[in-house]
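Data block below; observations after.
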Amino acid sequence: MGSSFPCQICVVGFLCGVCLTSLFLAALTSFGTFQLGPISFSSTMLFSVAASDSSSSSGNSTFTHSECDFKLKQAEQLSESNSNNEGDEDERVSLLYSAWNAELTKSKTGGGGNYLMKDGVNVPDIPNAPHLENCKAKTKLYGRLDQRTGNESFPPWTSWKGFLDTHPVASSIEQIKELKYQAVSEGTYPPWIAGSDEENYPMTRKVQRDIWIHQHPVDCRDPNVKFLVADWERLPGFGIGAQIAGMCGLLAIAISEGRVLVANYYNRADHDGCKASSRSSWSCYFFPETSQECRQRAFELMKSEEARNNGIVTIKESYTSKHIWAGPTPRKWGAPWSYLQPTTDVNGSLLVSHRKMDRRWWRAQAVRYLMRFPTEYTCNLLNEARHAAFGTIAAKMVIESLAGGWPKQSGEKERSEINEYVWSNHKPWIPRPLLSMHVRMGDKACEMKVVEFEGYMELADRIRRHFPNLNNIWLSTEMQEVIEKTKKYPHWNFHYTKVRRQARANMSMANYEASLGRETSTNYPLVNFLMAVDSDFFVGALGSTWSFLIDGMRNTGGKVMAGYLSVNKDRFW
């Protein structure tokens with residue numbers, strides 16, 4: 001090149017030209033290779049494949065036709081394999097859901113036989129359903145905890161919880177027997193109260209124990225035992241909430257006057273679902289308010305004119321409506337309502353006090369006692385509701401947890417003492433955390449300020465901002481309009497009972513319930529009520545008696561510190 005500057009410029013220019021030409025030809029050749037194939041790739045796919053290959057090979061940035069074809073077949077096979085696996089899992093989830101459904105039907109009807117043999121499933125091989133309860137076993141346990149044993153002052157309420165108290169060692173070791181006897185004699189608190197004292201309304205444990213003792217005298221034929229016999233309210237327009245509130249008032253009168261309350265005819269249980277003696281009785285849904293012996297004695301005295309004249313037995317008509325609905329709260333426990341923890345939020349502020357705090361506290365205690373133990377019938381209703389709402393989710397969860405491929409590999413339930421006596425005491429599975437929301441609209445506008453669904457959802461979002469793992473809502477409402485509006489909130493998972501709802505806001509609740517029939521119009525609200533009680537959070541309207549009672553059950557069920565967000569407050573406060 002010499003030292004001539006012009007010569008140097010010419011040579012460098014020539015070499016740069018050669019380099020650029022080589023790069024262009026290489027790119028053109030690579031592009032042409034892709035076009036020769038049977039499939040035309042987009043530029044996005046070209047860069048994706050090139051990047052993938054360059055990361056797995058040693059610097060070779062071009063593909064031959066055969067290499068591209070091979071990789072395409074690999075991708076197709078992988079996609080087909082994943083699709084088959086997903087389809088197979090969906091089939092197994094559906095099969096397990098159907099197996100549980102068959103077991104539910106069998107437990108409800110008492111039938112026998114293997115419904116699933118045609119699908120290659122044996123009943124013993126069906127995995128445990130985490131969202132379902134053994135209703136027969138639970139009801140038997142509740143019956144044991146709701147009656148005295150021998151001459152004891154209390155039922156077997158010991159520190160050994162639930163089924164564990166029935167373990168053989170509990171009755172075989174003398175020291176344990178003595179300690180349990182001491183606990184029973186001293187009156188351990190009743191087992192239907194969950195959580196610590198700080199997680200319930202003041203004195204809840206003591207009050208529940210005292211109400212049970214009051215309602216279950218040792219000798220119902222003692223001349224000093226007096227009774228109040230009352231039918232449930234059945235005037236047109238009275239909903240379930242109003243009926244329960246009325247019975248809470250009658251229980252207050254009975255305790256104040258030293259009488260045993262005996263609840264008689266319950267019109268909402270007058271249907272074919274309630275069998276034998278439980279028909280037309282509160283005991284179709286929950287354990288009775290008093291013993292069978294006291295009921296019999298009360299009805300005997302009802303036939304005696306002398307007993308009625310002497311006030312040994314009274315009836316609902318012996319008291320004014322004002323006394324029943326707005327009478328004084330029993331004072332035998334002092335005034336525990338005066339120091340309720342302020343955990344109710346209305347309009348962004350905690351409700352510290354109001355004019356009816358005593359009524360709020362008492363109704364919570366009364367409804368907790370009246371609903372202390374569900375019957376087998378109610379347990380089955382809850383099983384059906386949980387299975388319809390959460391069964392598929394539970395089946396998928398169980399299928400994913402099994403090491404083998406059920407049903408080819410047995411999912412037979414493991415039988416062990418810890419399963420039978422310890423884990424059986426756990427509540428059935430539901431997706432947690434769960435927010436319950438009761439949206440009351442329709443004809444309620446004549447009693448309270450009605451708030452649109454959007455207002456309830458604003459409160460739900462407030463809870464979620466503090467608990468970002470909250471995704472599930474159990475929704476109860478009588479309005480179809482509310483169900484339709486859930487589609488506007490795809491970031492929430494809504495669960496609700498499948499029942500026909502009101503299409504018109506001006507339809508009265510009485511007419512709506514009549515259109516559903518007595519059995520359905522009673523069963524589905526009670527299921528919603530108990531699901532709300534068991535949920536982690538609750539959004540409702542304190543102006544609604546139903547929401548008011550749900551709040552009371554939660555505040556005597558260990559959920560005081562979960563708080564309560566209300567779209568309004570009671571009209572009497």
Are there helices (runs of 4 or more DSSP H) fully within region 242-328 with at least 1 residues that are touching a residue at least 12 places away in the same chain (Cβ under 8 Å) and under 30 Å from ARG355 (Cα atoms)? List them. 321-326
Every residue in region 192-211 that is surrounded by 17 or more Cβ atoms within 10 Å (Cβ to Cβ), part of a helix (DSSP H, G or I) and in contact with a Lys or Arg (Cβ under 8 Å, 6 or more places away or on another chain), please. GLU199, THR204, GLN208, ASP210
Quick test of your reading of the structure: PHE299 fulfils all but one of (1) farther than 25 Å from ASN151 by Cα; (2) surrounded by fewer than 17 Cβ atoms within 10 Å (Cβ to Cβ); (3) among the aromatic types (Phe, Trp, Tyr). Name the failing condition by number. (1)
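Please verify whether SER508 is among the small types (Gly, Ala, Ser) and over 25 Å from PHE373 (Cα atoms), treating the condition exactly as stated. Break it down into steps so the answer makes sense when it comes.
Values: among the small types (Gly, Ala, Ser): yes; over 25 Å from PHE373 (Cα atoms): yes.
Yes, satisfied.
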Within region 459-472, identify whether any single residue is over 17 Å from the mean Cα position of the chain (by Cα) and at pLDDT below 90, and answer yes or no. no
Every listed condition ((1) in a loop (DSSP other than H, G, I, E, B); (2) among the hydroxyl-bearing types (Ser, Thr, Tyr); (3) surrounded by fewer than 19 Cβ atoms within 10 Å (Cβ to Cβ)) holds for SER338 save (1)
Being over 30 Å from TRP337 (Cα atoms), among the charged types (D, E, K, R) and either touching a Lys or Arg at 6+ places or on another chain (Cβ under 9 Å) or surrounded by fewer than 22 Cβ atoms within 10 Å (Cβ to Cβ) (or both) is the requirement here; does ASP231 meet it? no
By residue number, the members of region 540-562 that are at pLDDT 95 or above and in a loop (DSSP other than H, G, I, E, B) are THR556, GLY557, GLY558, LYS559
Counted residues in region 220-241 being in a strand (DSSP E or B) and of a type in the set (A, V, I, L, M, F, W, C) come to 4
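Listed here are the residues, each with its yes/no results for (1) hydrophobic (A, V, I, L, M, F, W, C); (2) out of contact with any helix residue (DSSP H, G or I) (no Cβ under 7 Å at 6 or more places or on another chain); (3) modelled with pLDDT under 90; (4) closer than 26 Å to THR343 by Cβ.
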{"residue": "GLU484", "(1), (2), (3), (4)": "no, yes, no, no"}
{"residue": "HIS495", "(1), (2), (3), (4)": "no, no, no, yes"}
{"residue": "ALA503", "(1), (2), (3), (4)": "yes, no, yes, no"}
{"residue": "ASN506", "(1), (2), (3), (4)": "no, yes, yes, no"}
{"residue": "ARG518", "(1), (2), (3), (4)": "no, no, no, no"}
{"residue": "PHE538", "(1), (2), (3), (4)": "yes, no, no, yes"}
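The values are calculated or read from the model by the stated rules, or taken from the named source; none is laboratory data. Just so it is clear, the model here is predicted, and its values are computed rather than measured. Note that each Cβ is placed from the backbone with ideal geometry, even for glycine, and that neighbours are counted across all protein chains shown.
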